[in-house]
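Enquirer: Structure below; questions to follow.
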Amino acid sequence: MSAQVESNIVEIQKRNHLAFKRLFDSLYGELVIYAQTYLYDEDLSKDLVQEAFVKIWEKADRLQIQTNLRAYMYAMVRNKCLNHLKKYKISDNAKFLEEQAVLEFQDLDEDIEFDELQLLHHKVLEVMDSLPHKMRTIVELRFKASYRYQEIADELNLSVNTVKTQLQRAKAKFSELILFLLFLFLDV
């Protein structure tokens, strides 16, 4: 514990109003935000945080803090929030929290899916750009324009076997991409 925190505790134990006000001013806002992560109710969070400060003031002369004062206040607020939820058997709040978590996860999941699609698109373009010109043209005709082997061969003055060979080689390049993506997205 730092000397400043220790002296603040000592001053609060002596019921020094200025030391208590400094503690209140420095922690109140962040403790309310912290309480809201449990309660999802700003007014109730403010009430419970105020109760925690009142308790500190009322028991100031008997404070036995083993950690630092900030950590002690966070633990006190957390316990007050959990006790409140337990006392009133707020199952609706638990249900709300569960639904909120699902919604947040879905938002995150959508962001991840969009990012994954962008990465996939980028990687496909990279592979396409790395293909030799003729192979790339064959792949585009086959998969973008839905040409058959014979139509590609006729269009490019190639044999059907050459078209098939070029597509097999392109497939090998894309297989490497698929393996890369499997390892990337599935954490295999």
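Enquirer: Nearest 0.05, what FRET efficiency do residue 46 and residue 68 give at R0 = 22 Å with Cβ-Cβ as r?
Expert: About 0.40, to the nearest 0.05.
Enquirer: Given the Cα-Cα distance of residue 173 and residue 86 and 0.36 nm per residue of separation, how much length would full extension add, in nm?
Expert: So the chain would gain 25.5 nm between residue 173 and residue 86.
Enquirer: Separation between the residue 55 and residue 15 pseudo-spin-labels, each 7 Å from Cα along Cα→Cβ, expressed in nm?
Expert: Simple spin-label model gives 2.1 nm for this pair.
Enquirer: At a Förster radius of 25 Å, what calculated FRET efficiency corresponds to the Cβ-Cβ distance of residue 158 and residue 119, to the nearest 0.05? Don't jump to the answer; show the numbers that get you there.
Expert: Details: r = 33 Å, r/R0 = 1.34.
Rounded to the nearest 0.05, the efficiency is 0.15.
Enquirer: Something else about it: Which entries in 123/144; 21/87; 134/171; 59/87; 55/80; 14/80 show an alpha-carbon gap greater than 20 Å?
Expert: Exceeds cut-off: 21/87; 59/87; 14/80.
Enquirer: Ranking 133, 84, 17 by Cβ neighbours within 10 Å, fewest first, what do you get?
Expert: With the fewest neighbours first, 133, 84, 17 line up as 133, 17, 84.
Enquirer: Quick one: order 12, 33, 65 by neighbouring beta-carbon count within 10 Å, fewest to most.
Expert: Fewest-to-most ranking of 12, 33, 65: 33, 65, 12.
Enquirer: Suppose the chain between residue 146 and residue 36 were pulled fully straight at 0.36 nm per residue; how much longer would it get relative to their current alpha carbon spacing? Display every interim value, and only then the final one.
Expert: Details: separation 110, 0.36 × 110 = 39.60 nm, distance 5.59 nm.
So the chain would gain 34.0 nm between residue 146 and residue 36.
Enquirer: Let me ask another. What list do you get for 139, 127 if you sort them by fewest beta carbons within 10 Å? Let's see the in-between values first.
Expert: Numbers: 139 21, 127 16.
Sorted ascending by nearby Cβ count, the order is 127, 139.
Quick note: the coordinates plus some simple rules give every number you see, no bench work behind them. Everything numeric here is computed off the predicted structure, so don't read it as measured data. Note that each Cβ is placed from the backbone with ideal geometry, even for glycine, and that neighbours are counted across all protein chains shown.
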